[in-house]
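Novice: Below: one structure in structure tokens.
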Amino acid sequence: MRLQVVLLYSHPKYLSNIVTREHKHNSEIWSCDIMIAGAGFAGSLSALALKQSGFEVCLVEKKSHPRFTIGESSTPIADMILRDLSVKYSLHWLKPLSRYGTWQEQYPEIQCGIKRGFSYYKHNPGQSFSTDQSHNNELLVAASASDERSDTNWFRADVDSFLVKKVREYGIPYFENTEITGCILDEKLTFSVQSSESISKIKADFYIDATGGSNLIASLFNVNASHDSLLTNSRAIYSHFDGLETWSDQLEKLNISRSDYPYNPDNSALHHLIDEGWIWMLRFKTGRTSVGLMLDQNKNKGNEDKTAEEEWRSIIGKYPSLWELFELASLSDEPGSLVKTGRLQRSLIRAAGDRWVALPHSAGFVDPLHSTGIAHTLTGIEKVIEILVANWKNKSRLQKKVQRYSYGVLEELRFIDKLVDGCYKVMPHFRLFNTWSILYFTAAIWYEQRRLKGDRPTHFLSAGNEELRAIVDQSYQELKDMNLTDPSAQEITAFRECVRQRIEPYNIAGLLDPKARNMYRHTVAEL
């Protein structure tokens with residue numbers, strides 16, 4: 001005999017939403033419209049927006065919160081989407097997280113940092129950092145007009161925990177320490193789970209993967225993930241540090257003027273470019289800093305047997321200004337050690353299937369360069385929820401829409417991949433890196449401006465714009481044809497001028513204007 005119990009939420013707003021719990025043979029089966037796997041910020045936001053849209057949602061998390069996750073930074077695109085999600089799905093408490101000023105006013109207990117823009121500094125082996133009045137080894141691109149209106153560096157452990165608390169407040173069934181072990185495709189999707197909770201199965205009409213990886217999709221639906229389909233080939237050594245000296249202090253010691261900087265570089269996504277790759281530094285208001293060393297595997301082979309600490313010291317030790325920066329710093333308690341990865345690039349062969357869809361960070365990953373992660377994921381959340389709300393009652397049309405979404409996400413990944421791989425190809429030559437990276441900023445600013453005018457692009461970073469893609473493709477081919485071992489000054493100047501002319505129809509921010517001297521303070525969208 002089976003007993004069915006109906007749970008009603010106490011909050012009046014949710015009395016119409018029910019979740020059924022089936023008891024059978026001492027095992028518990030949950031049933032819902034949509035099951036989401038992964039309770040990072042993407043899974044929790046998706047669950048909350050879908051709940052507000054009238055769906056019965058279930059959120060499953062393999063581990064628990066709070067937990068260590070490497071720091072990430074938002075961008076103007078990400079902030080726009082947070083505000084739109086807040087309004088569209090009546091999540092009024094979400095909007096303050098879209099700006100540093102309102103974040104501090106409303107949620108000072110949630111760690112974050114100011115991110116005024118993107119800063120890049122080129123280091124040469126065996127030499128202290130140096131530059132000149134034209135900033136030939138520096139590039140600063142403003143993304144906000146003030147500290148109060150700036151983007152943010154997210155301390156993910158705090159942000160993710162905050163959103164999980166909201167999931168609980170909204171009465172969404174949430175199962176942590178629960179591992180999904182299999183799926184049977186029948187009238188409903190029936191998931192087998194191993195859990196600290198007394199459940200063994202979850203039934204759902206639809207599945208969203210927000211795990212941030214490809215393994216679960218691969219095992220559940222036999223969809224392979226490929227490394228070889230992507231051009232970029234990088235890996236990471238990363239951790240959180242306490243007591244890291246500011247880069248501004250280091251510049252002052254080197255007698256390098258910051259008088260014409262558009263912002264304090266420590267209040268930004270700080271990139272230190274080295275011959276082996278690059279280093280990110282994202283500061284939080286508590287003094288903790290997220291740091292990662294990204295290594296180009298095409299140039300750094302044969303170090304697989306070294307520990308993370310050995311490889312870190314051998315590379316950082318080549319660059320005096322970076323070595324001095326870390327001299328008095330210590331690893332934070334969480335995670336308490338350096339973490340070394342293998343190749344980071346991956347892409348599913350498809351991002352949707354029969355009654356399932358993968359959010360962008362599950363569908364694939366390229367590299368943290370230029371901070372595309374949060375924004376790309378949020379564009380995916382926005383699209384997937386709109387598709388489900390508009391097409392839920394027409395399963396045939398729903399399937400067509402998620403397949404179109406899948407094609408678009410993979411197209412976006414390929415576009416990001418080409419923009420990032422071009423940066424790695426020219427990393428040792430800063431004038432080339434400077435020129436190539438401007439293509440990313442062109443695409444990002446164009447997306448921001450179109451969205452502000454109410455003409456939301458169909459693809460993240462305007463990857464669906466055929467003319468813009470053609471500009472990137474043509475410029476990438478020219479990079480490949482260039483002698484990148486020792487490019488001449490004439491080649492670099494010619495390439496820079498070609499890119500400047502090509503982006504002119506999209507260049508509303510004066511990018512590559514020699515008068516700017518690599519200091520861009522007027523790229524900011526009026527948010």
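The values are calculated or read from the model by the stated rules, or taken from the named source; none is laboratory data. Because the structure is predicted, anything quoted here is derived from the model rather than measured. Note that each Cβ is placed from the backbone with ideal geometry, even for glycine, and that neighbours are counted across all protein chains shown. These area figures cover heavy atoms from the full protein model, side chains too; ligands, DNA and RNA do not enter into them. Shrake-Rupley method; radii C 1.70, N 1.55, O 1.52, S 1.80 Å.
Novice: Among the listed residues Ile387, Ile374, Ile381, Ile438, which satisfies the condition of being under 20 Å from Leu231 (Cα atoms), among the hydrophobic types (A, V, I, L, M, F, W, C) and open to solvent by less than 50 Å² (accessible area, probe 1.4 Å)?
Specialist: On the way: Ile387 fails: under 20 Å from Leu231 (Cα atoms); Ile374 fails: under 20 Å from Leu231 (Cα atoms); Ile381 fails: under 20 Å from Leu231 (Cα atoms).
None of the others qualify; the one that does is Ile438.
Novice: Select from the range 322-360 the residues that are within 23 Å of Arg288 (Cβ to Cβ) and either among the β-branched types (Val, Ile, Thr) or touching a Gly at 6+ places or on another chain (Cβ under 8 Å) (or both) and list them in ascending order.
Specialist: Trp323, Leu328, Ala329, Ser330, Val339, Thr341
Novice: So Met80 ticks every box in (1) open to solvent by 30 Å² or more (accessible area, probe 1.4 Å); (2) closer than 27 Å to Asn264 by Cβ; (3) in a helix (DSSP H, G or I) but one. Which box is left unticked?
Specialist: The number of the failed condition is (1).
Novice: Now a separate question. Quick one: in the range 88-99, of everything that is among the hydroxyl-bearing types (Ser, Thr, Tyr) and in a loop (DSSP other than H, G, I, E, B), which residue is surrounded by the most Cβ atoms within 10 Å (Cβ to Cβ)? Spell out the reasoning first.
Specialist: First pass over the range 88-99, keeping only residues among the hydroxyl-bearing types (Ser, Thr, Tyr): 89-90, 98.
Narrowing further to those that are in a loop (DSSP other than H, G, I, E, B): 89-90.
Numbers: Tyr89: 18, Ser90: 13.
Out of the qualifying residues, it is Tyr89.
Novice: Any idea which residue in the range 95-152 is farthest from the chain's Cα centre (by Cα), counting only those that are among the aromatic types (Phe, Trp, Tyr) and within 22 Å of Arg517 (Cβ to Cβ)? Quick ask: steps written out before the conclusion?
Specialist: Taking the range 95-152 and keeping what is among the aromatic types (Phe, Trp, Tyr), we get 100, 103, 107, 118, 120-121, 129.
From the residues that got through so far, the ones that are within 22 Å of Arg517 (Cβ to Cβ) too are 118, 120-121, 129.
Details: Phe118: 15, Tyr120: 18, Tyr121: 22, Phe129: 29 Å.
Only one residue tops the list, namely Phe129.
Novice: Find the residue count for the range 152-196, including only residues that are in contact (Cβ under 8 Å) with a residue 24 or more places away in the chain and assigned to a loop (DSSP other than H, G, I, E, B). Can you show your working first?
Specialist: Initial filter on the range 152-196 (in contact (Cβ under 8 Å) with a residue 24 or more places away in the chain): 152-164, 166-167, 170-180, 182-183, 185, 188-189, 191, 193.
Now narrow it down to the ones that are assigned to a loop (DSSP other than H, G, I, E, B): 155, 170-173, 176-177, 188.
Matching residues across the range 152-196 total 8.
Novice: Residues in the range 112-132 that are open to solvent by less than 30 Å² (accessible area, probe 1.4 Å) and in a loop (DSSP other than H, G, I, E, B): how many? Walk me through how you get there before you give the answer.
Specialist: From the range 112-132, those open to solvent by less than 30 Å² (accessible area, probe 1.4 Å) are 112-123, 129; that's our starting set.
Next, from what is left, pick out any that are in a loop (DSSP other than H, G, I, E, B): 116, 123, 129.
Total meeting the criteria: 3.
Novice: Can you list the helices (runs of 4 or more DSSP H) lying wholly within the range 369-478 that have 1 or more residues being farther than 30 Å from Leu270 by Cβ, of a type in the set (Val, Ile, Thr) and modelled with pLDDT of 95 or more?
Specialist: Working: elements: 373-391, 395-425, 430-452.
So the answer is 373-391, 395-425.
Novice: Oh, and also: Do the conditions hold for Asp367, that is, is it open to solvent by 10 Å² or more (accessible area, probe 1.4 Å) and of a type in the set (Asp, Glu)?
Specialist: On the way: open to solvent by 10 Å² or more (accessible area, probe 1.4 Å): no; of a type in the set (Asp, Glu): yes.
No; evaluated as a whole, the condition is false for this residue.
Novice: With the structure loaded, tell me whether Ile184 is at pLDDT 95 or above, open to solvent by less than 50 Å² (accessible area, probe 1.4 Å) and among the β-branched types (Val, Ile, Thr) or whether it fails that test. Spell out how you get there, then give the answer.
Specialist: On the way: at pLDDT 95 or above: yes; open to solvent by less than 50 Å² (accessible area, probe 1.4 Å): no; among the β-branched types (Val, Ile, Thr): yes.
No.
Novice: Looking at the range 455-477, can you tell me whether even one residue there is open to solvent by less than 70 Å² (accessible area, probe 1.4 Å) and in contact with a strand residue (DSSP E or B) (Cβ under 7 Å, 6 or more places away or on another chain)?
Specialist: Taking every residue of the range 455-477 in turn, none turns out to be open to solvent by less than 70 Å² (accessible area, probe 1.4 Å) and in contact with a strand residue (DSSP E or B) (Cβ under 7 Å, 6 or more places away or on another chain).
Novice: Answer with yes or no whether Arg521 is basic (Lys, Arg), at pLDDT below 95 and open to solvent by 70 Å² or more (accessible area, probe 1.4 Å).
Specialist: yes
Novice: So if I check each of Thr102, Thr152, which one is touching a helix residue (DSSP H, G or I) at 6+ places or on another chain (Cβ under 6 Å), open to solvent by less than 30 Å² (accessible area, probe 1.4 Å) and among the hydroxyl-bearing types (Ser, Thr, Tyr)? Step through it out loud before you land on a result.
Specialist: On the way: Thr102 fails: open to solvent by less than 30 Å² (accessible area, probe 1.4 Å).
Result of the check over Thr102, Thr152: Thr152.
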